[in-house]
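The structure appears right after this line, and notes come after that.
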Amino acid sequence: MLRSRMKKGKGSTRSNEEDFSVNLTKQLDDNLKNLNKMLDNPSDLVIRELTIGSANHRCAIVFIDGLIDKKVVDGKILKNLQTQLQNKTLPSSDAAILDEVQREIISVSHVEQGNTLDDVSNSILSGGTAFYLDGINKVLIMNTMGWETRSIQEPITESLIRGPREGFVENIGTNMVLIRRYIRDSNLRFTTYKVGRRSKKALVLAYVDGIVHPDIVKELKRRLESIDMDDAPESGYIEQWIEDSFLSPFPQIFHTERPDKVSAALLQGKAAILLDGTPFVLTAPSTLGNSFQSPEDYYERWFVGTLIRMLRYGAAFIAMFLPALYIALVSYQPGMIPSKLAFSIAATREGVPFPSVVEAISMGLTMELLREAGVRLPKTIGQTIGIVGGLVIGDAAVQAGIVSPIMVIVVALTAIASFALPSYSIAISFRMIRFGFMIAASVLGLYGVILLYIVLNIHIVNLKSIGVPYTTPFAPSFVKDWLDLVVRAPLTMLTERPKYTKPNDSKPMDKGEKKQ
Amino acid sequence: MKDFEYGDEQIGEKELRFAIPSIVIGVGVLSLPRVIAQETNGVDGWVSILLGGGLAMFMTWIVATLAARFPKTTFVDYASLIVSKPIAIILTLLISIQFLLFTSYEVRSIASVSKLYLFDRTPIEFIALSFFLVVIYGVSGSRAGLFRLNLLFLPIILFIALVVSIFTLGWFEMNNLAPFFQTSFDGYRSATKFSFLSFLGFGILLFYVALVEQPKAVPKRTAVAMILPVFTYLLIYVACIGVFADSAAGNMIYPTVELAKEVEIPGEFFERFESIFFVIWIMAIFNTTALSFDVTVLAIRSVLKKMSKLAIIFTLSPIVYLVAMYPQNFKDISLLGKFITYYSVVFTVAVPILLLIIAKLRGVKGDV
């Protein structure tokens, strides 16, 4: 079903194009008939005919029920037309009447004239209202969009202890406002695109002119313009279309629900991509180091921020290597484990019928299964899954002698470590790669682990995000950027924008204020 | 998505500065303390390491000066300017054979050491093949990526070398260092020779400097970069002698790995530190191997311009692997190592000096 959205049949999108004229005619009845024919008489299409002026000039307003704000259409358009033009003598020419209506009668801020059927259908399908006047081949198109939306809430996937509680919503207009509220700079740019042949969704590329490197914007625009699909239901579609390498297990463009994160990224010389209909905003270019950064690092004092960030690097290490190291040590280099520990491991493994790699992979898969089940179920039952899975299955498996207790500790520690990473998508990558390391460890022990580690490094040094190497600022190294990488230096020292995005204006912002 | 070239694909002198220690630090340091200890008394070998290192720095400077004389010109092209084209092509091929053999040597050595310290039953062919496949994958990627790997791995390698030297301080005995300055002149001379030979690798500059946009500062900077391996070797050598004394160190096959065996990490989380040390050291050996294989490919490609990089890699790989598997025992491997060293002395020491002299005499210069 999803794949059908990407179908590119050029003929099928415009199959009934020949049936009606594309330009509007002068006859009101013909125009309305054509519109009805194009949309095939939908039941939610509202055509309200009325007469205006002392000469009873015929006209009509057209909209789709449910997409418009009734208060605006009734109170600002219909009422004004009916009361203010009741017995007024209208100008003789039809064009002049239309102008007068646009200028004096309609109290809606966004009004423009259109003269094709496509203008009308596009606008009313996205919540506009069209005003037809008999005797002229033009219409007024008014923006009366207004439908039920979710209000701004705390982002569910990225909650913080300290920091703003606002999250993006599905409405792109609201999201743009949220960004504007953070960056009140005249150089903040929003470039709008329409994506989806059929869905015609609004997509906005946001960046701060003068900070972002122009080549990044140019390249992003080129890639965005290449998008050709029927519908983009979520920004993940955009991400996958424009990413540098689809063969990589790593996400090259990060997404977030937090306006503060997006505005921080914009001010670091990145660009953001907003899509209508999803609260997830993409930020690009993204690098590996970004996946360890959380806004909270900056809100807390730098000691806390630095320690937490180091903790995350440790967590990433555990999430990727711990089961593999366990397998390698137990099955290839048991001599490396201190003898007391080795004895207790051997004692607990007594009676376990499987080699440690089978044990580790099956427990790892069980863990993933529990996580997946917990996500799909309603929240209240999700917790039960955690208890049933974690406690009952883990305990029972040990009791039954299928796995060793140490293995349960290893797997649980790995899972907890992977959830400690601030970016959910990179945590998934790490957990995926973890299985590769387990297999490498079972084939070649520590040697296999280090070889796969080198392979992984080869992969990420060749990987790019919108042309920026994924390993910056480690390599190519920008030593100054290291102040905000593994450590989070005091804010007064982080006065320059990261070098790796090659920002045009690298001048310190906070220092500027200090000097004045 | 098509690749897009505004990212940092340029190779600068900074990358070369990291490439020098990366190619030098490899398997050589694992056995170096033995070789030096056999020739000298007490801790006297430090003089030889410093002398050998100084000589290596000087040679790095010579090689880089020669290459930097012809900015953005490949070795074949500038050698053609100095000594006619046919000779230049022959030289390039001979040098590429040197790096090819060196790649094989590293692959074989890593397999042997792994077998000694990590596995006893896994066949050496499989150990070598798995490592070599990783090298092939690395070289098939972008060259800038390879330099980035150097940048990523070098700090880890230096860190583990430091850990090994610091955490064995508990076993360090001043008595082992004595007697001081009792070595004969011949001993110093031959130890200096061995230490110099362990710093070979600057030959890569003959080819890599051509990739740098502004090579003016390269000779000085890369020569200074040589200090890093010299210092690392010195550290490990002194630690080995301090812990084992020269007589014992001279009888160990890989004294550096044996040194790592003595490491005791507080907290007793790991025993047998030498496995960890060697596993990390694989990164260093990978850097060396990948760079030398990459230079081989680069050199051959500068002659056979029509062949694609991947085609060259896949043609050379079986040869490298076969050569690596040819030696039957430890003695054969050392023999191969010795052969390569003397071969390199001819082509990355004698040849560059000659070329530089001829270039100076004939006044040949690249356009700046």
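The values are calculated or read from the model by the stated rules, or taken from the named source; none is laboratory data. Bear in mind that the values here come from a model prediction, so they are computed numbers and not experimental data. Here the Cβ is made from the backbone with ideal geometry for all residues, glycine too, and neighbour counts use every protein chain on show.
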Taking into account only those residues within segment A:112-169 that are charged (D, E, K, R) and not assigned by TED's automatic domain parsing to the domain that holds A:Val46, which is surrounded by the most Cβ atoms within 10 Å (Cβ to Cβ)?
-> A:Glu158
Taking the options B:Val295, B:Val320, name whichever one is under 15 Å from B:Val135 (Cβ atoms), surrounded by 19 or more Cβ atoms within 10 Å (Cβ to Cβ), in contact with a Phe, Trp or Tyr (Cβ under 6 Å, 6 or more places away or on another chain) and touching a residue at least 12 places away in the same chain (Cβ under 8 Å).
-> B:Val295
Can you find even one residue in segment B:192-199 that is more than 13 Å from chain A (Cβ to nearest Cβ), within 30 Å of A:Val455 (Cα to Cα) and crowded, with 23+ Cβ neighbours inside 10 Å?
-> yes
Restrict the check to segment A:262-284 and report whether at least one residue is within 14 Å of chain B (Cβ to nearest Cβ) and modelled with pLDDT under 90.
-> yes
Could you please let me know if A:Lys480 is modelled with pLDDT under 75, under 30 Å from B:Gly138 (Cβ atoms) and either more than 7 Å from chain B (Cβ to nearest Cβ) or touching a Gly at 6+ places or on another chain (Cβ under 7 Å) (or both)?
-> no
Quick one: which of A:Leu24, A:Leu90, A:Leu32 is touching a residue at least 60 places away in the same chain (Cβ under 8 Å), within 15 Å of A:Leu133 (Cβ to Cβ) and touching a helix residue (DSSP H, G or I) at 6+ places or on another chain (Cβ under 6 Å)?
-> A:Leu24
Of all residues in segment B:250-281 being within 11 Å of chain A (Cβ to nearest Cβ) and crowded, with 24+ Cβ neighbours inside 10 Å, the one that is farthest from the chain's Cα centre (by Cα) = B:Ser275
When residues of segment A:93-151 are filtered for being farther than 20 Å from A:Thr51 by Cβ, part of a loop (DSSP other than H, G, I, E, B), free of Cβ contacts under 8 Å to residues at least 60 places away in the same chain and in contact with a strand residue (DSSP E or B) (Cβ under 9 Å, 6 or more places away or on another chain), how many remain?
-> 3
From the set of residues in segment B:104-114 that are more than 16 Å from B:Phe277 (Cβ to Cβ) and of a type outside the set (Phe, Trp, Tyr), which is surrounded by the fewest Cβ atoms within 10 Å (Cβ to Cβ)?
-> B:Ser112
Across segment B:129-144, which residue is farthest from B:Ile319 (Cα to Cα) among those that are facing chain A (nearest Cβ under 8 Å) and surrounded by 23 or more Cβ atoms within 10 Å (Cβ to Cβ)?
-> B:Gly138
Search result, residues across segment A:60-92 that are surrounded by fewer than 16 Cβ atoms within 10 Å (Cβ to Cβ) and not in a helix (DSSP H, G or I) | A:Asp65, A:Gly66, A:Gln86, A:Asn87, A:Lys88, A:Thr89, A:Pro91, A:Ser92
If you take the residues of segment A:330-352 that are more than 9 Å from every other protein chain (Cβ to nearest Cβ) and under 23 Å from A:Arg434 (Cα atoms), which of them is surrounded by the most Cβ atoms within 10 Å (Cβ to Cβ)?
-> A:Val330
Only one of A:Glu300, A:Glu359 is charged (D, E, K, R), more than 30 Å from A:Ala232 (Cα to Cα), more than 14 Å from chain B (Cβ to nearest Cβ) and buried (at least 21 other Cβ atoms within 10 Å of the Cβ); which?
-> A:Glu359
Out of the residues in segment A:490-501 that are of a type in the set (A, V, I, L, M, F, W, C) and assigned to a helix (DSSP H, G or I), which is nearest to A:Ala264 (Cα to Cα)?
-> A:Leu491
Restricting attention to helices (runs of 4 or more DSSP H) lying wholly within segment A:393-489, give those where 3 or more residues are touching a residue at least 12 places away in the same chain (Cβ under 8 Å) and buried (at least 17 other Cβ atoms within 10 Å of the Cβ).
-> A:405-419, A:424-462
Only residues that are surrounded by fewer than 14 Cβ atoms within 10 Å (Cβ to Cβ) and either under 22 Å from B:Pro229 (Cα atoms) or aliphatic (A, V, I, L, M) (or both): list them for segment B:145-177, please.
-> B:Pro155, B:Ile156, B:Phe159, B:Leu162, B:Ile166, B:Leu169, B:Met174
Could you tell me whether B:Glu173 is more than 30 Å from A:Leu329 (Cβ to Cβ) and either acidic (Asp, Glu) or within 14 Å of chain A (Cβ to nearest Cβ) (or both)?
-> yes
Considering every residue within segment B:225-246, establish whether at least one is aliphatic (A, V, I, L, M), more than 17 Å from B:Glu274 (Cα to Cα), in contact (Cβ under 8 Å) with a residue 12 or more places away in the chain and part of a loop (DSSP other than H, G, I, E, B).
-> yes
Those residues of segment B:111-147 which are in a helix (DSSP H, G or I) and free of Cβ contacts under 8 Å to residues at least 12 places away in the same chain, in sequence order | B:Phe126, B:Ser130, B:Leu133, B:Tyr137, B:Gly145
Scan the helices (runs of 4 or more DSSP H) fully inside segment B:1-97 and keep the ones with 2 or more residues being within 14 Å of another protein chain (Cβ to nearest Cβ) and acidic (Asp, Glu).
-> B:13-24
Mind listing whichever residues of segment A:315-329 are within 14 Å of another protein chain (Cβ to nearest Cβ) and either of a type outside the set (A, V, I, L, M, F, W, C) or in contact with an Asp or Glu (Cβ under 8 Å, 6 or more places away or on another chain) (or both)?
-> A:Tyr326
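Quick grid of which residues meet (1) touching an Asp or Glu at 6+ places or on another chain (Cβ under 8 Å); (2) among the hydrophobic types (A, V, I, L, M, F, W, C); (3) closer than 28 Å to B:Ile253 by Cβ:
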residue: B:Val295; (1), (2), (3): no, yes, no
residue: B:Phe314; (1), (2), (3): no, yes, no
residue: B:Val323; (1), (2), (3): no, yes, yes
residue: B:Tyr326; (1), (2), (3): yes, no, yes
residue: B:Val345; (1), (2), (3): no, yes, yes
residue: B:Leu354; (1), (2), (3): no, yes, no
Unmet criterion (only one of (1) over 30 Å from A:Ser121 (Cβ atoms); (2) without any contact (Cβ under 8 Å) to a residue 40 or more places away in the chain; (3) more than 14 Å from chain B (Cβ to nearest Cβ); (4) not acidic (Asp, Glu)) for A:Tyr237 | (1)
Taking segment B:192-220 and keeping residues of a type in the set (Lys, Arg) and either part of a loop (DSSP other than H, G, I, E, B) or under 10 Å from B:Thr60 (Cα atoms) (or both) leaves B:Lys220
Can you name every residue in segment A:152-169 that is touching a Lys or Arg at 6+ places or on another chain (Cβ under 6 Å), in contact (Cβ under 8 Å) with a residue 60 or more places away in the chain and among the charged types (D, E, K, R)?
-> A:Glu158
All positions within segment A:172-217 that are surrounded by 19 or more Cβ atoms within 10 Å (Cβ to Cβ) and polar (S, T, N, Q) | A:Asn175
